[in-house]
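The values are calculated or read from the model by the stated rules, or taken from the named source; none is laboratory data. Fair warning: this is a prediction, and the values are worked out from it, not measured in the lab. In this analysis, Cβ positions are derived from the backbone assuming ideal geometry, glycine residues included, and neighbour counts consider all displayed protein chains. SASA here: full protein model, heavy atoms, side chains in, ligands and nucleic acids out. Shrake-Rupley method; radii C 1.70, N 1.55, O 1.52, S 1.80 Å.
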Amino acid sequence: MNGSVVVGHEDLRRFICNALTAKGAGAADAEIVADGLVWANLRGVDGHGVSRLPAYLDLMERGEIDPSGRPHLALDRAATFLIEGRRGFGPVAMMQAVELAARRAREAGVCFGLVRETTHTGAVGRYVQWLAERGCAALIMVAGPAFVAYHGARVASLGTSPIAIAVPSGAGPIVLDMATSMISNGTIIQARTGGKALPPGAALTSAGEPTTDPRTAEILLPLGGAKGSGLALMFEMLASVLAAAPIQAAALGPQKRRRFIQNCAIVAIDVDAFRPLADFTDDADALVAILRALPRQAGFDEILLPGERSGRTESQRRRSGIPIPATLWRQLEKIAHTLAVAPPAARPAPAG
């Protein structure tokens, strides 16, 4: 097939698992990573979906991801913990962390945890959603490699520094998942594979000049200027410096460290520790109903909640499949051939 294709989510998950295990990952770890990539694709967050697989395999080839690395619980107290990622798969460390955070929150009411020196965590909305499905309000802040220019600078000096927040509601978790940069690095990856221009004011070239061409975009700009870079700086302080694993000072200072590292700060709050969960969700639903009924501005057909558009995309893609751009599909076919695994069954994407 020469054009874009559509694949089923279960078959895509199988392919990702097989590709990772063929490269040396354990079966259980491969399933966790595949679940995260497919979760992102289903929700339309394609820059954090299977488009990341070629990079993951390359990081494994270069030793940046150690498939044998196991998360280690280095600090464990009643309401706090610290997990060392040991350069294994980021999603594996993160799932261990949110499972522990949920248990500690049930016991203590609130839990604050850190995950340090892991690799790419994937879409963090997945983890707060998981916590909210279990009766927790949750917040995750991420610090990572320098892809974003600090406000006023023309060189990469901060991570994209995503934040994800989720709360339970009667209709399921309400999930906010956003980068503190104008766009995420995954958006550039997706734009390159899909041949689409970037929005103006979102990226710079390596020389620090504005660009909308994803092929020359190397540096992202912060969301809201000083506000976005201020948030990213504080995430570095809370997720990295607090965990004794600074990223930016080591990368920008004399050490010039270039390894791909991410750190995460996790807050889990057991809603039942403060009020009955059913009462919380009733009040959440009441607020949602009020917001939906507000007078709308011209050009708005409806008022949406955080994550609502992604939820609709997930429902549609579970039925009709996940679209894969032509460039990415060729990469996946090459991976399948190189690793001797079957590619996902595909059909041509509908025109338009």
Among the residues of region 70-87, count how many are of a type in the set (Gly, Ala, Ser) and under 17 Å from Ala143 (Cα atoms).
1
Check whether at least one residue in region 163-172 is open to solvent by 10 Å² or more (accessible area, probe 1.4 Å) and of a type in the set (Ser, Thr, Tyr), and report yes or no.
yes
In region 248-273, the residues that are touching a helix residue (DSSP H, G or I) at 6+ places or on another chain (Cβ under 7 Å) and crowded, with 16+ Cβ neighbours inside 10 Å
Gln248, Phe260, Gln262, Asn263, Cys264, Ala265, Ile266, Ala268, Ile269, Asp270, Val271
Note on region 236-285: residues more than 22 Å from Ser181 (Cβ to Cβ) and acidic (Asp, Glu) are Asp270, Asp272, Asp279, Asp282, Asp283, Asp285
Could you list all residues from region 205-219 that are within 22 Å of the chain's Cα centre (by Cα) and open to solvent by less than 90 Å² (accessible area, probe 1.4 Å)?
Pro214, Ala217, Ile219
Helices (runs of 4 or more DSSP H) wholly in region 1-74 with at least 1 residues that are surrounded by 17 or more Cβ atoms within 10 Å (Cβ to Cβ) and touching a Lys or Arg at 6+ places or on another chain (Cβ under 6 Å) - which ones?
27-42, 53-61
Just checking, how many residues over region 309-347 are without any contact (Cβ under 8 Å) to a residue 60 or more places away in the chain and charged (D, E, K, R)?
5
Considering region 122-152, residues that are over 20 Å from Met94 (Cα atoms) and in contact with a strand residue (DSSP E or B) (Cβ under 9 Å, 6 or more places away or on another chain), and then whichever is surrounded by the fewest Cβ atoms within 10 Å (Cβ to Cβ), we arrive at His151
